[in-house]
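The block underneath contains the structure these notes are about, expressed in structure tokens.
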Amino acid sequence: MTTGVSVIVPCRNDAAALGGTLDWLEGLTGIAEAEVIVAADGDPEGTTRVAAGRARLIWPGVSTRAALMNAGAAEARGDVLFFLHADSFAPVAALTLIRAALSDPRVVGGAFEHLFAEPGWSLRVITWINRFRYRLTRHYYGDQGIFVRAAAFRRMGGYRDLALLEDLDLTRRLKREGRTVLIRAPLRTSGRRFIARGPWRTFFFIVWVLLLETLGLDPQRHAERWRGPADREPGSPWPRALRGRASSVGSLSPRGGEGRVRGRVRRGARVRESQCGRARRSRRARQAVKWFE
């Protein structure tokens, strides 16, 4: 017997944000008939404390968001899966809106309108750019609250084992299963990653990653840079002492780690060329002295 909607919240070292999201979920219309599953990694004490009595908490032993959401989906009993990030706040009528959207048997899933929770003109402009993108492509980000029929999700094999862009990959494949819809009610999500790292720097990093994927290159090597340190909340800036190490798996600009490596190689080549030039000039000088001796 199904329970309707299963709300699946992936959480990695993010107990404080999770607590706020679970508080908000308690006010959703129809939440009593739904189940809430938190698939967690890291900070067991804090996560257990905030989830106690409010969600079914599982520890699948994986850390990427895709793997955590797959683990939550495997435990879900609902016929609809609603994936909600640990720092996002669904509309109060979200569950009702999802059921209404899926009342059309041709619809297999969709997402909500994106909106940053924090004020600020930069975040508002980025929101409008993002809205233009997904309204045109119907490819949704995970912070829009992706929902999908459980049967379709399992037919597709769930999220692919990706550390980055797993949400866009899923929604692209989902369109092959049937229609997807955009619910125009905004789902508020934290812009803390943009604020901590700089709104436009973060935005252009995303553009860079999308460009790599479009060109058939590998964006996954930049995943660790996007996720931030594994022992801190998602999106935290890398400590200054560790930024060089993080650069080995990607940077926040196209010229990032690779550019610095190429720069060091070029500088090394110039130094060697300069040293060789000095050695040649020294040999010529010694030969000239011998000629006049």
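The values are calculated or read from the model by the stated rules, or taken from the named source; none is laboratory data. Quantities reported herein were computed from a predicted structural model and do not represent experimental measurements. Cβ placement follows ideal geometry from the backbone for every residue including glycine, while neighbour counts extend to all protein chains displayed.
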Checklist entry - Among the residues of region 85-126, which ones are among the small types (G, A, S), in contact with a Ser or Thr (Cβ under 6 Å, 6 or more places away or on another chain) and farther than 14 Å from F147 by Cβ? => result A86, A117
Checklist entry - In region 139-198, what residues are at positive phi, crowded, with 21+ Cβ neighbours inside 10 Å and modelled with pLDDT of 95 or more? => result G145
Checklist outcome for this item: Across (1) within 21 Å of Y141 (Cβ to Cβ); (2) modelled with pLDDT of 95 or more; (3) in contact with a Pro (Cβ under 8 Å, 6 or more places away or on another chain), R12 clears everything bar (2)
Next on the checklist: Can you pull out every residue in region 168-185 that is in contact with a helix residue (DSSP H, G or I) (Cβ under 9 Å, 6 or more places away or on another chain) and either touching a residue at least 60 places away in the same chain (Cβ under 8 Å) or not charged (D, E, K, R) (or both)?
Outcome noted: L168, L170, T171, L174, E177, G178, T180, V181, L182, I183, A185
Next on the checklist: Need the failing condition index for R65 against (1) touching a helix residue (DSSP H, G or I) at 6+ places or on another chain (Cβ under 8 Å); (2) at pLDDT 95 or above, just the number.
Outcome noted: (2)
Checklist entry - Do we find a residue being in a helix (DSSP H, G or I), within 20 Å of R193 (Cα to Cα) and in the same structural domain as G145 (by TED's automatic domain parsing) anywhere in region 47-65? => result yes
Checklist outcome for this item: Selection from region 118-147 of residues of a type in the set (G, A, S) and either part of a helix (DSSP H, G or I) or under 17 Å from the mean Cα position of the chain (by Cα) (or both) yields S122, G142, G145
Item to check | Residues (more than 23 Å from the chain's Cα centre (by Cα) and part of a loop (DSSP other than H, G, I, E, B)) located in region 1-32 | outcome: M1, T2, T3, G4, E26, G27, L28, T29, G30
Item to check | Residue check for F205: crowded, with 21+ Cβ neighbours inside 10 Å, assigned by TED's automatic domain parsing to the domain that holds R77 and touching a helix residue (DSSP H, G or I) at 6+ places or on another chain (Cβ under 9 Å) | outcome: no
